[in-house]
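The values are calculated or read from the model by the stated rules, or taken from the named source; none is laboratory data. Note that this is a predicted model, so its numbers are computed, not measured. Every residue, glycine among them, receives a Cβ derived from its backbone with ideal geometry; neighbour counts consider all protein chains shown. Each accessible area value is taken on the protein alone, full model and side chains, heavy atoms only, with ligands, DNA and RNA left out. Shrake-Rupley method; radii C 1.70, N 1.55, O 1.52, S 1.80 Å.
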Amino acid sequence: METAMHTTTAKKVLSVRPVGTRAVLAELDGLQDVLALQDMLYKSPLPGQVDVLAAAETVMVVGESAAATRAIGAQLLELELTIPEVTDSGLVVIDTVYDGDDLADVAELTGLSMDGVIAAHTGQIWTVAFAGFAPGFGYMVGENEALTVPRRSSPRTAVPAGSVALGGQYSAVYPRRSPGGWQLIGRTGARMWDLDRAQPALVRPGDRVQYRAVREVVTAAAQDSQTDPDHHTGPGLRILNPGAQSLIEDLGRRGFGPLGVSAAGALDRASLRRANRLVGNSASAAAIETVNGGLTVEAVGDQVIAVTGAPTTLTIQSPSWVDSEDDGGSEPQPGSRRTVPMAAPFALLDGEALTLGAPESGFRNYVAMRGGVDVPEVLGSRSADTMSGIGPAPLVIGQELPAGDATESTAVGSPELQPGFPGEDVTVLDVVPGPRADWFDQAALDSLTSQDWLVTPQSNRVGMRLDGTPLKRIRDGELPSEGTMAGALQIPPAGLPVLFLADHPITGGYPVIGVVRDEHLDRAAQVPIGGRIRFRFIHDSPDFSKTPEK
C-alpha cells in the first residue's frame, strides 16, 4: 500500500449499521478509507465518542449513550474522508530471525524462494492498520500483495510469543503465547506489549514498521519495577478459599480498543454498583467478583462488607479461642457462627471469616469492602481481563487484599431490595438485529428467538457458548474481521451462538446476528452453567439506510 498520501478526496462512508444501541459500524471502500476515518476520529472525536475500533473494511464507533450513538451514526454519513499525511518519522524496526515453521509453505504459496519471501518481507514498509485479537497484536498491511497467503487450514493450539506471521494480506507479531492460525515465518525478541512502558503497545494503528533480518534474537528484559502486590501489612481481607474463580473487578477500562484491549470489568455492573453503594464507596471501586459460591475471606482488621448478586447464605465464623483460665491444656473451641443478610452492610471484625454458600439462583456475587480493594491500576482500571491477562490474577489461598480509600460517603447505605435472578425458568434477553443479520434468512432469525438456548460449560467471561438447533447462513465465505462489543451474538460456521461478555476480543470474523441490549447484559451475567436463555427481538435501533435530510 502506498503510504506517502496527502491529498483530500471527496470519498465518504458507504453505509452505517447499528451494533446494538451503543455502537455503530461504518462500512468503507477499502483499507485506505478505514485509515482515513480512523485518523479523523482520533484527531477530532465526535460528541459522545467513547472508542474507535478499526478493522479491515469497517470502523466501529462506540458512544457514551444510545442518543449519542444515533447522532454519531448520522454524522459519520456526512463526513468527507481526508487521507492523512504520512511522514518518515516514527519508523519502528523489528529485528527478525527468519526460521519459522511455515516459511517453506509460504514460499510455495507465493511462488517465491524462501530467500525471496524474506526479501519481500523486509523490503517493504508495513503500516499498522488496526489492532485486535490480543493487546499488542497489530494487523500490518504492506506496500504490495506479494506475500498474501491464506491462514492455516488447522490453527495451532499454541503459537510462541514473538512469532512473526502472515495471514491474508497482513503481517503481525504474536505478543504472547496463544492459539493462532497464521503462517509463521520467523521470530523476534521485540516486546510487542509491555505495561512497564509509557505506551504499552510497541506499534499502534497508523505506525509504520520495517522488519530487519538478523541471525540471532535479542530479547529485551522486562523491568522488575513492582514488589509483591499480594503482600501488605495493613487492614483488608485475606483469601482463605477463592472458590471456583474469584477476580478483582471494577467498572472496567474504556478507550483502549485501538491497542487491542477490551473494557473488561464486572459482568453484573448493577450488582457491583449496589455493593459499593451499601458500604459507602464510589460506584467504580474495585470489589471481588466470584461465581457459584465457595469464597471465604478473613478480615484483617475490622471491615465493613456488603455482598450482592445471586441470593445465597452468608455465614460468618468467629475465631477459635482458648479458655484463659486454663493453663493451656484445653483444646481450642470453635468460634460462634452467625448469618448476615444479602444487600446490606455488615461488620466483619478482625479475624472473622465470611463464607458465601452456593447461590439459590443466579451465578455471580460481588463482595465490596469499604474503601474498595486497593490493587495496582492497569490502564486506569483494577479489573482482571481473563482473555488478555491484563490486571490482577485470579485470587489464591493466602492472598491479602488491602483496603483502599475509594469512599464517597461518610456513612454506609441502607439495606436494598435486589432484583430477581435466573433460576430454573428461562431467562429472556432483549436483542436488536445485528450488523450482519442479513447473513441469515427469516427462518434463522425466527429460530434464534423461538428456541431455548442452553448455556454450556465452555462459557466464561469472554463469552457464553450456547447449545441448541444450529442457525444456517445464507451467505458463503467468511467475514473480514470487524469491531465487536459485549452483547454481540456471533454465529460461527457450526451455527451455535456465542454471546460476547466483558472480556471479549475487540474484533471478530463471524457475523453478528443480534446484539443483546446493554441493559440486559447484567441479567445475562447471572445465568448459570446449564441455564436456559431465550432471545426476544426488539427494533429500537436507528435506521441509517438513508442519509439524514439537511
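Brief remarks follow.
- Restricting the first member to the stretch 334-345 and to residues that are touching a residue at least 40 places away in the same chain (Cβ under 8 Å) and among the small types (G, A, S), and the second to residues that are in a loop (DSSP other than H, G, I, E, B) and open to solvent by 90 Å² or more (accessible area, probe 1.4 Å), the beta-carbon pairs closer than 7 Å and six or more apart or on different chains are A343/P415; A344/P415.
- Selection count, the stretch 353-384, where residues are farther than 18 Å from G243 by Cα and part of a loop (DSSP other than H, G, I, E, B): 11
Quick grid of which residues meet (1) assigned to a strand (DSSP E or B); (2) at positive phi:
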{"residue": "A270", "(1), (2)": "no, no"}
{"residue": "R274", "(1), (2)": "no, no"}
{"residue": "A285", "(1), (2)": "no, no"}
{"residue": "E289", "(1), (2)": "yes, no"}
{"residue": "G293", "(1), (2)": "no, yes"}
{"residue": "A299", "(1), (2)": "yes, no"}
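- Qualifying residue in the stretch 405-416 (condition: at pLDDT 95 or above, crowded, with 20+ Cβ neighbours inside 10 Å and of a type in the set (A, V, I, L, M)): no
- A residue that is assigned to a strand (DSSP E or B) and modelled with pLDDT of 90 or more occurs somewhere in the stretch 5-15.
- So S282, is it surrounded by fewer than 22 Cβ atoms within 10 Å (Cβ to Cβ) and modelled with pLDDT under 95: no
- Hey, S330 at pLDDT below 95 and in a loop (DSSP other than H, G, I, E, B) or not: yes
Conditions (1) aliphatic (A, V, I, L, M); (2) without any contact (Cβ under 8 Å) to a residue 40 or more places away in the chain, marked per residue:
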| site | (1), (2) |
| --- | --- |
| E143 | no, no |
| R152 | no, no |
| P160 | no, yes |
| A165 | yes, no |
| R176 | no, no |
| D196 | no, yes |
| D207 | no, no |
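- Checklist (1) within 28 Å of R523 (Cβ to Cβ); (2) crowded, with 19+ Cβ neighbours inside 10 Å; (3) touching a strand residue (DSSP E or B) at 6+ places or on another chain (Cβ under 8 Å); (4) not acidic (D, E) applied to S381, failing item: (3)
- For the stretch 117-146, taking the residues that are surrounded by 22 or more Cβ atoms within 10 Å (Cβ to Cβ) and under 16 Å from A213 (Cβ atoms), the one that is farthest from the chain's Cα centre (by Cα) is identified as V117.
- Taking each residue of the stretch 284-306 that is closer than 24 Å to S414 by Cβ and looking for partners that are open to solvent by 10 Å² or more (accessible area, probe 1.4 Å) and of a type in the set (F, W, Y) with beta-carbon atoms closer than 7 Å, six or more apart or interchain, yields I305/F346.
- Qualifying residue in the stretch 90-98 (condition: of a type in the set (F, W, Y), open to solvent by 10 Å² or more (accessible area, probe 1.4 Å) and under 20 Å from A213 (Cβ atoms)): yes
- Selection within the stretch 527-537 - buried (at least 17 other Cβ atoms within 10 Å of the Cβ) and touching a helix residue (DSSP H, G or I) at 6+ places or on another chain (Cβ under 8 Å): I533, F535
- Taking the conditions (1) open to solvent by 50 Å² or more (accessible area, probe 1.4 Å); (2) modelled with pLDDT under 95 in turn, I397 satisfies each one other than (2).
- Evaluation of A270 against (1) surrounded by 24 or more Cβ atoms within 10 Å (Cβ to Cβ); (2) under 17 Å from P419 (Cβ atoms); (3) in contact with an Asp or Glu (Cβ under 6 Å, 6 or more places away or on another chain) (one fails), failing number: (1)
- Looking across R473, R517, one residue alone is open to solvent by 30 Å² or more (accessible area, probe 1.4 Å), more than 18 Å from D385 (Cα to Cα), charged (D, E, K, R) and touching a residue at least 40 places away in the same chain (Cβ under 8 Å). It is R517.
- Residues in the stretch 162-193 that are in a loop (DSSP other than H, G, I, E, B) and open to solvent by 20 Å² or more (accessible area, probe 1.4 Å): Q169, P175, R176, R177, A190, R191.
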